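Everything below concerns the one structure shown next.
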Amino acid sequence: MAYMQVPPTEQDFIFNMQGIGGIQLGKMPKHVRGLIPLKDYRHRQRFMVLPDISRFYVFNGSLKARLRHPQSTIDIRYLLAGTNEQGFINSLFVYPMPPGGHIAERLSQVYGEPRIGLGNLGGQVVNSNHFWVTEGETEISYVGPEPSMREMGIIVFRFFYDSEALHQFTLALKR
């Protein structure tokens, strides 16, 4: 099956309960403009994915995602979509840049108050975890690094009851 590669152009999408603009849970990647198979992406070596690279797609271009107001944007470094066995998007992995930027507080403007947890490593806090569950039964989570860790944050969308999206996918950004 051939995929048409969309030239990188700046896109402007709004965060919603299913994803960002038309890049949404439940859609087929081939019907989403700008998504290409990760195996065809020229920088695919930057990612480690499990179980299979063929189950992942990447947005090929610049992406600015809006919250509610045009002046409230989040620049996205990478956006990857994981698919289920039927080929539908069942998880979105969004890497915002710059890593800080009060992302959790800004996402709370759209999704409301989150549940919050802290990630510890050897007694030191290394990240904060913010979780929102929407009325449409999707889960949005933001894992943000502590400023001293110099790591990248990630926003993840998935269907709340989709255990495959939660347990079977692994995605890591290589340095």
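The values are calculated or read from the model by the stated rules, or taken from the named source; none is laboratory data. Computed from a prediction, not measured in an experiment: that's the story for all the values here. When we count neighbours, we look across all protein chains shown, and the Cβ atoms used for this are built from the backbone with ideal geometry, even at glycine. The accessibility values were calculated without ligands, DNA or RNA, using every heavy atom of the protein model including side chains. Shrake-Rupley method; radii C 1.70, N 1.55, O 1.52, S 1.80 Å.
Under a 5 Å amide H cut-off, with hydrogens placed 1.01 Å from N, V58 pairs with I36, L38, A81 among residues at least 5 apart or on other chains.
Close amide H contacts of F47 (hydrogens built in the peptide plane, cut-off under 5 Å, sequence separation of 5 or more or a different chain): K174.
Here the label points at D52 and E113, each 7 Å from Cα along the C-beta direction, are separated by 4.4 nm in the simple model. Peptides 52-59, 133-140, 77-84 ordered by packing proxy, namely the average of other Cβ atoms within 10 Å per residue, highest first: 77-84, 52-59, 133-140. Assuming R0 = 22 Å, can you tell me the calculated FRET efficiency for the pair V133 and M28, based on Cβ-Cβ distance, to the nearest 0.05? Once the sixth-power term is evaluated, E becomes 0.35.
Ordered by 1.4 Å accessible area with all protein chains kept, E164, E105, E85 run largest first as E85, E105, E164.
Amide H contacts for K27 (H built 1.01 Å from N in the peptide plane; partners 5 or more residues away or on another chain; cut-off under 5 Å): I89.
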